[in-house]
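Single-structure report; data block below.
Since every read-out is calculated from the coordinates, none of them should be taken as a lab result. Here the structure is a predicted model, which means the values were calculated and not measured. Heads up, the Cβs are rebuilt from the backbone with ideal geometry, glycines too, and the neighbour counts pull from every protein chain shown.
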Amino acid sequence: MKNQARRILTSVLISSIVFSGMAQAAPTALIGTEQVAATMQGAVRSEAHARLQATLDRADLAAMFQARGVSTDELRARVDALTDAEAQQMVAQIDQAPAGASDIVGILFTIFIILLITDILGLTKVFPFTRSVR
């Protein structure tokens with residue numbers, strides 16, 4: 001994200017230098033911080049919204065939404081209505097969401113290890129393949 005913002009800022013600065021060199025007769029003006037921030041926010045907005053729109057293009061999600069009675073056109077309209085902050089927050093939540101059932105597998109593995117240790121210590125007798133140390 002930072003690299004892309006840097007690229008955009010660099011592009012804006014380079015283009016302003018190039019175009020200011022072309023118009024030597026015209027007085028040159030400095031680019032204000034507000035202008036650069038607005039340009040960068042527009043790029044971030046389009047990136048976050050484009051990523052959400054691309055997510056809606058997935059066939060498995062479209063089928064899931066159709067099964068629940070939600071049309072993809074309605075979802076696209078809602079994504080377009082999101083503010084920049086809301087779109088960025090949704091993208092961040094999607095990035096942080098666990099994929100698949102990794103949490104369930106981890107919990108089951110932890111329970112297995114606990115039962116295995118208690119079997120070895122002789123506190124329980126769940127698994128027939130363990131021998132107690134007692």
Discussion item. Students often check this: by mean Cβ neighbours within 10 Å, which of 63-75, 113-125 ranks highest, and how do the rest follow?
Written reply: 113-125, 63-75
Practice prompt. Collect residues whose amide H, placed 1.01 Å from N in the peptide plane, falls under 5 Å from the amide H of THR124; neighbours closer than 5 in sequence don't count.
Written response: ASP119
Item to complete: Determine the gain in length on full extension of the stretch THR110-THR72; use 0.36 nm per residue of separation and subtract their C-alpha separation, reporting nm with one decimal.
Response: 9.7 nm
Worksheet item: Among residues other than ALA67 whose Cβ falls under 15 Å from its Cβ, what is the net charge (Lys/Arg +1, Asp/Glu -1)?
Response: 0
